[in-house]
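In what follows, a single structure is set out as C-alpha cells and then discussed.
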Amino acid sequence: MIEQFGFTSLREVIAALFLLSGLVFFVGSAIGMLRLPDFYSRIHASGNSETLGCTLSFIGLMIYEGPTLTAAKMAFVFLLVFMANPIGSHI
C-alpha cells in the first residue's frame with residue numbers, strides 16, 4: 001500500500017509526515033505575520049511557530065537522510081536555529 005502513493009519505505013512516509021507537520025506550522029506563522037495587528041504580536045507568532053516548524057522539518061530531513069554525515073550537519077544547524085530563534089524573537 002505504501003508503494004501505491006509513490007513512497008518506497010516506511011522511513012520516507014515518516015519523514016513526509018514530519019515535513020508536512022513543519023509546513024503546517026510555517027503556514028501558521030505566515031498567517032500570523034499577516035493577520036496580527038501589532039509588531040510584538042507578529043514577532044511572538046513568528047518566533048514560536050517558526051521554531052516548531054523548523055524543528056519538525058529538520059527532524060523529517062534527518063529521518064529521510066538516514067544516519068550519515070549530512071544528517072549530523074543538519075542536526076548541528078537545527079540546534080543552532082533551535083537555540084537562536086527564540087532568543088532572537090525575545091530580544
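Data table
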read-out: Simple label model, 7 Å out from Cα along Cβ direction - residue 14 to residue 34, nm; value: 3.5 nm
read-out: Ranked list, fewest to most other Cβ atoms within 10 Å of each Cβ, for 51, 70, 8; value: 8, 70, 51
read-out: Read-out Cα Rg over 2.2 N^0.38 Å, derived from the coordinates shown; its label in (1) 1.26; (2) 1.13; (3) 1.55; value: (1)
read-out: Exposure proxy order (Cβ contacts within 10 Å, fewest to most) of 91, 14, 63; value: 91, 14, 63
read-out: 3J(HN,Hα) from dihedral phi, the stretch 64-81, Karplus parametrisation 6.51/-1.76/1.60, rounded to Hz, x for glycine, proline; value: 5, 6, x, x, 10, 5, 4, 5, 5, 5, 5, 5, 5, 5, 4, 5, 4, 5
read-out: Estimated 222 nm signal from helices in the chain, with DSSP H stretches of n ≥ 4 weighted -39500 (n - 2.57), rounded to 500; value: -29000 deg cm²/dmol
read-out: Only Lys, Arg (+1) and Asp, Glu (-1) charged, at Cβ; the chain dipole about Cα centre in debye; value: 160 debye
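Bear in mind that the values in this text are calculations on the coordinates, not laboratory data. Treat the numbers as computed from the prediction; the structure is a model and nothing was measured. Glycine also receives a Cβ, built like all others from the backbone with ideal geometry; neighbour counts cover every protein chain displayed.
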